[in-house]
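The values are calculated or read from the model by the stated rules, or taken from the named source; none is laboratory data. Every value quoted in this text rests on a predicted model; they were computed, and no experiment measured them. Cβ: placed from backbone, ideal geometry, glycine included. Neighbour counts: every protein chain shown. In case anyone asks, the SASA skips ligands and DNA or RNA and just uses the protein heavy atoms, side chains included. Shrake-Rupley method; radii C 1.70, N 1.55, O 1.52, S 1.80 Å.
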Amino acid sequence: MVYELMDLKPLILAGGRATRMGEPKHMMQTPDGSTLLQRTFDLLGGVFQQTSTVYVSVAQESVLGSFMPDNMASARLILDEEKNTTSRSAGPASGLLSAYHMDSTATWMVVGCDYPLLTTHALNCLRQAYEPPMTCFLNADGVFEPLVAIWSPPALRVLEAEVVTGKGSLTAAIKRCGGNTVPAPDGCEQWLFNVNNQEEWQRALEFLKA
């Protein structure tokens, strides 16, 4: 069954501190010279061809002066609602809920900016496989990928309850709300390769240069 998504909005999560990477992941350059942020923006633009705005979730402490490339004029920033004064990232739940509180009626296609091998085809597959209240990819190790996912308001309300109780676990929220998963098609498992440190980034660059 194909579900109609009348108010689906694109959201890039780009607000982490990238302490393991050592530099902001969203500004790292791919072999063609584009940043990971720009690449993710372009992927979502390919899926949402009739949508004029792509939303970008960032932490308040992000350096915004050089954050947005000139050719991303249709992007709209969503700042985390609370400033993070710790040395650790506030986590993706903070960005997701900031988007939810900005528009509590929208269903969000969420993509982390640290999936350099993701494709527009992958996101179209996710959209076609969507079942409420949320759907995410399941990687080859059987692990949820909540940052390549579609989250509806009911699922985000469950996530909000997780955060209120001090947990904030995306995986727990997926299980509690009865979320759905879809595996990457055979031969496309590399879609879900995400980068958190320099070693993983170098592996991703090898794929991108091939």
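Close amide H pairs (under 5 Å, H built 1.01 Å from N) link ALA75 with VAL54, residues at least 5 positions away or on another chain.
Potential lengthening of the chain between GLU81 and VAL143 amounts to 19.5 nm, from the contour at 0.36 nm per residue minus the alpha-carbon distance.
From largest accessible area down, sort HIS26, HIS121; use a 1.4 Å probe on the protein chains. List each step's numbers first, then the result.
Values: HIS26 15, HIS121 110 Å².
Accessible-area ranking of HIS26, HIS121, largest first: HIS121, HIS26.
Taking 0.36 nm per residue of separation and subtracting the current Cα-Cα distance, fully stretching the chain between THR120 and THR105 would add 2.9 nm. The distance between label points at ARG157 and CYS188 comes to 3.2 nm (points 7 Å beyond Cα on the Cα→Cβ vector). Ranking of ASP186, ASP32, ASP114 by solvent-accessible surface, largest first: ASP186, ASP32, ASP114 (1.4 Å probe, protein heavy atoms only, all chains present).
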